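The values are calculated or read from the model by the stated rules, or taken from the named source; none is laboratory data. Keep in mind the model is a prediction, meaning the values are calculated, not measured. Note that each Cβ is placed from the backbone with ideal geometry, even for glycine, and that neighbours are counted across all protein chains shown.
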């Protein structure tokens, strides 16, 4: 809190740079300071203020994640002409998360944002059109928006435009132009372009086959963690194309590709493991079972409850008792201990020791995210994708009630 000057301590009217100061606070991870500034109702840039409030609620930064509140803020900002808010609303209505999907309304908001001239919004509109949001005629329009974004230096749009020319979708097929676009994006470091160009050299279609060049391109894409690049490089090592056969390296790359499936819930849970699983990294406090800690737990101390819960769940130094462990974990979580909240959320997400319940998992991982527990935000957001709008709305209301009870 001390890192930011007290509101009103600077010269000039209080509202002159509230949005700028709040933006800086968000970038520095001082979400509470940002929220304090944005709730002053004195910002000269009302559209910017509402957008940032929407961002905090949408991302659950400093406040419980609440999409309804976020959308209300975005609508206010959009009505005042804020391009980012219009883009956020367009994406919400196109994806149908927390609101009923509405393609026409989505396109209206996305087009309004794209007309601001910013490449990132032009790219978002193009992706939505390519995905079918505008029907069969949308692919041609997507190519136009990709071109405008690419002209401003957006590498992903340059690569996507190349894909359309390679496949002849929305434009006349022109493989040589596609290769040139991939080469431009590849040389600027775009992993997807490097992988696409590598595939072209492997197949020898529209260009002379060149395994050595393909190997270099797949290596570049894999070096950036692109799953497809890792998988294709694995094939090169397995088959000896462009490199000597190395089955061990091939298997290593393939396993890395499998681990980089993204932030899907199943991938995250497989990586993190269960709360009472050796794969879960232990916290700093890991003493052996002791009478003093047990007495503190019986007295209701949250940390002691959490520690002894883990002992019972793991069977560490005493007879394993999963129900007793979960009971203690719930008590620690309800007392506001972040690691306990995250562990309880993982148990609900995995359905081990308790019935699988994504709504409850979302509640506890959301509270853990508010407590800044590492990994909680990623699991919370992955859970949200698996839930219906009604389930998510109800879960977010529960989070708000829990947060108010522990204030």
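Residue under question is residue 80, and the condition is that it be crowded, with 19+ Cβ neighbours inside 10 Å, under 30 Å from residue 130 (Cα atoms) and modelled with pLDDT of 95 or more; does it hold?
The answer is no for residue 80.
So is residue 242 at positive phi, surrounded by 18 or more Cβ atoms within 10 Å (Cβ to Cβ) and modelled with pLDDT of 90 or more or not?
yes
What tally of residues in the range 372-395 results from selecting those that are outside any loop (DSSP other than H, G, I, E, B) and surrounded by 19 or more Cβ atoms within 10 Å (Cβ to Cβ)?
Result for the range 372-395: 10.
Residue 328: modelled with pLDDT of 75 or more, under 20 Å from residue 362 (Cα atoms) and surrounded by 20 or more Cβ atoms within 10 Å (Cβ to Cβ), yes or no?
Yes; evaluated as a whole, the condition is true for this residue.
Have a look at 153, 135 and point out the one that is assigned to a loop (DSSP other than H, G, I, E, B) and either touching a strand residue (DSSP E or B) at 6+ places or on another chain (Cβ under 9 Å) or at pLDDT 95 or above (or both).
153
In the range 1-60, which residues are at pLDDT 70 or above and not in a helix (DSSP H, G or I)?
28, 29, 30, 39, 40, 44, 45, 60 - these are the residues of the range 1-60 that are at pLDDT 70 or above and not in a helix (DSSP H, G or I).
Going through the range 149-158 one residue at a time, which ones are buried (at least 19 other Cβ atoms within 10 Å of the Cβ) and more than 22 Å from the chain's Cα centre (by Cα)?
149, 150, 158
Does residue 386 satisfy being under 24 Å from residue 272 (Cα atoms) and touching a helix residue (DSSP H, G or I) at 6+ places or on another chain (Cβ under 9 Å)?
So residue 386 passes the test.
Find the residue count for the range 126-140, including only residues that are surrounded by fewer than 19 Cβ atoms within 10 Å (Cβ to Cβ) and over 19 Å from residue 178 (Cβ atoms).
5
Please verify whether the range 178-201 includes one or more residues that are part of a loop (DSSP other than H, G, I, E, B), at pLDDT 95 or above, crowded, with 24+ Cβ neighbours inside 10 Å and within 33 Å of the chain's Cα centre (by Cα).
Checking the range 178-201: at least one residue is part of a loop (DSSP other than H, G, I, E, B), at pLDDT 95 or above, crowded, with 24+ Cβ neighbours inside 10 Å and within 33 Å of the chain's Cα centre (by Cα).
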